[in-house]
Amino acid sequence: MKKFFAMLLALVMVLSLAACTATAATKDPTAAPTQEAAVTDAPAATDAPAATDEPEATDEPAAQLEDTLVIYSTHSEKLLEAVANAFTEKTGVKVEYINLKGELADRVRSEKDNPQADIMYGGDSATHTVLSGEGLFETTHPSWENELDPMFKDANGLWYGTIKTPVLLFYNKDVMTAEEAPKDWSDLVKPEYKDKIVVRDSLSSSMRSTICNLIDYYTTQNGEDAAWQYLSDLDANIKNYYNSGSMMYAAIGKGEAPISWAVLSDIVTNRDTNGMPFEIIDAASGSVVLTDCIAAIKNAPHPNAAAAFVEFAGSAEVQAMLANDFSRTPTLSSALPNCPEWMQTEYKALPVDWANISANQLSWLEKWETNVIDTNKNVAKD
């Protein structure tokens, strides 16, 4: 009997061991596929092609440039063609440009609800200030914006000056010595300079801008009444207003009147090319500096290309190109080493408030032309 129970116990133990072994064997195949599925899915989640695509994402901004850019401008056809071709060569973007001259601001304003252009290229700081206040421009932040003098840009990134046009006092040094010559705009109203000044008439854009700058400056210094008194006294000392630049320069060269003011490039051309004895004056309070600006139009049809063009057109490379090919003085100091030497003429800029000028220039000019200018002094070209 004992032997029987011993054999029965042994049989139970064998059967139990076999059952455990079978259970373990059954569980392993089930676990194995689960692990294999996890391993199999991992390569799919970290698939090599997905990692390979990342460099293409880095190039995405350039790829997103639209294939067309439309520019409204006041610049010459040749200048626009040069800049447009260079931009197309660099980016592949086709450029269409329209020269609107005096109609530029009105055209941009009339298309506010349905812009047809992407860029406003040209026009002075006062005009850009007016249009930016009307919400017509889009903010851009080109890489060179911090290099610009605050006078030559909008504080909120709505427009930037890319070309500056200094208007400087000068005199005929064969007629007048440096000691005798005026040192500042305020000197022009002194009795000793009566009938020794000739200037352009009110049709000249640089003349109109100069008058507005002087009104703003002297209003800030001494009040508006004093500013208008200054202009009245200045008119009394002016001998003639010429409607032709060539006539004005000829009169100065002949010594009919030795003092004037004009854009720097014209003074230099008449001095260096035409041999006229002109000497430039760095006015003590500063010279009038006009700025041609650029802005991206709000809700433009090609916004990415517009931002890229602002970056390109204001760069030191393009500013230097325009300096050498079109005698346009750059606003970036980093462009000057690659520009004609005369553009490095030293002068201070007259501090003015462009917002104030833009708000008042039309009424100021009307008052100046109606109440100040002695029209008997106008000299027209035959």
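Report whether or not Ala262 is closer than 19 Å to Ser285 by Cβ and either touching a Lys or Arg at 6+ places or on another chain (Cβ under 6 Å) or assigned to a loop (DSSP other than H, G, I, E, B) (or both). Answer is no for this residue. Among all residues of segment 322-337, there is at least one that is in contact with a Cys (Cβ under 8 Å, 6 or more places away or on another chain) and free of Cβ contacts under 8 Å to residues at least 60 places away in the same chain. Give the residues of segment 361-382 that are in contact (Cβ under 8 Å) with a residue 24 or more places away in the chain and more than 18 Å from Ser232 (Cα to Cα), sorted by residue number. Answer for segment 361-382, where residues must be in contact (Cβ under 8 Å) with a residue 24 or more places away in the chain and more than 18 Å from Ser232 (Cα to Cα): Val379, Ala380, Lys381. For Met247, the conditions (1) crowded, with 19+ Cβ neighbours inside 10 Å; (2) part of a helix (DSSP H, G or I) are fulfilled apart from (1). Scanning segment 355-378 for residues that are among the polar types (S, T, N, Q) and part of a helix (DSSP H, G or I) turns up Asn356, Ser358, Asn360, Gln361, Ser363, Thr370, Asn371, Thr375, Asn376. Looking only at segment 326-340, residues that are polar (S, T, N, Q) and either part of a helix (DSSP H, G or I) or more than 17 Å from Val288 (Cα to Cα) (or both) come to 4 in all. Of all residues in segment 341-354, those satisfying the criterion of being part of a helix (DSSP H, G or I) and exposed (fewer than 15 other Cβ atoms within 10 Å of the Cβ) are Glu341, Gln344. Within this structure, Ala300 fails the test of being modelled with pLDDT of 95 or more, part of a loop (DSSP other than H, G, I, E, B), among the aliphatic types (A, V, I, L, M) and farther than 30 Å from Leu69 by Cβ.
Results for (1) part of a strand (DSSP E or B); (2) surrounded by fewer than 22 Cβ atoms within 10 Å (Cβ to Cβ); (3) touching a residue at least 24 places away in the same chain (Cβ under 8 Å), shown as yes or no for each residue.
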{"residue": "Gly161", "(1), (2), (3)": "yes, no, yes"}
{"residue": "Ala178", "(1), (2), (3)": "no, yes, yes"}
{"residue": "Ser202", "(1), (2), (3)": "no, yes, yes"}
{"residue": "Ser206", "(1), (2), (3)": "no, yes, yes"}
{"residue": "Asp225", "(1), (2), (3)": "no, yes, no"}
{"residue": "Ala251", "(1), (2), (3)": "no, yes, yes"}
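When segment 147-159 is filtered for residues that are under 26 Å from Cys212 (Cα atoms) and either in a loop (DSSP other than H, G, I, E, B) or touching a helix residue (DSSP H, G or I) at 6+ places or on another chain (Cβ under 7 Å) (or both), the ones remaining, listed by number, are Leu148, Asp149, Lys153, Asp154, Ala155, Asn156, Gly157, Leu158, Trp159. Based on what the data block shows, is Leu234 touching a strand residue (DSSP E or B) at 6+ places or on another chain (Cβ under 9 Å) and surrounded by fewer than 22 Cβ atoms within 10 Å (Cβ to Cβ)? Judged against the criteria, Leu234 is a match.
Would it be correct to say that Ile267 is at pLDDT 95 or above, over 24 Å from Ala349 (Cβ atoms) and not charged (D, E, K, R)? So Ile267 does not fit the description; no. Suppose we filter Tyr171, Tyr242, Tyr218 for residues that are over 30 Å from Leu336 (Cβ atoms) and crowded, with 22+ Cβ neighbours inside 10 Å; which single one remains? Result: Tyr242 is the single residue among Tyr171, Tyr242, Tyr218 that is over 30 Å from Leu336 (Cβ atoms) and crowded, with 22+ Cβ neighbours inside 10 Å.
Scanning segment 58-73 for residues that are surrounded by fewer than 20 Cβ atoms within 10 Å (Cβ to Cβ), polar (S, T, N, Q) and either at pLDDT 90 or above or closer than 15 Å to Thr91 by Cβ (or both) yields a count of 2.
Out of all the residues in segment 229-240, is one or more part of a loop (DSSP other than H, G, I, E, B) and more than 20 Å from Ala380 (Cα to Cα)? There is no residue in segment 229-240 that is part of a loop (DSSP other than H, G, I, E, B) and more than 20 Å from Ala380 (Cα to Cα).
The values are calculated or read from the model by the stated rules, or taken from the named source; none is laboratory data. These numbers come from a predicted model, not from an experiment. Glycine also receives a Cβ, built like all others from the backbone with ideal geometry; neighbour counts cover every protein chain displayed.
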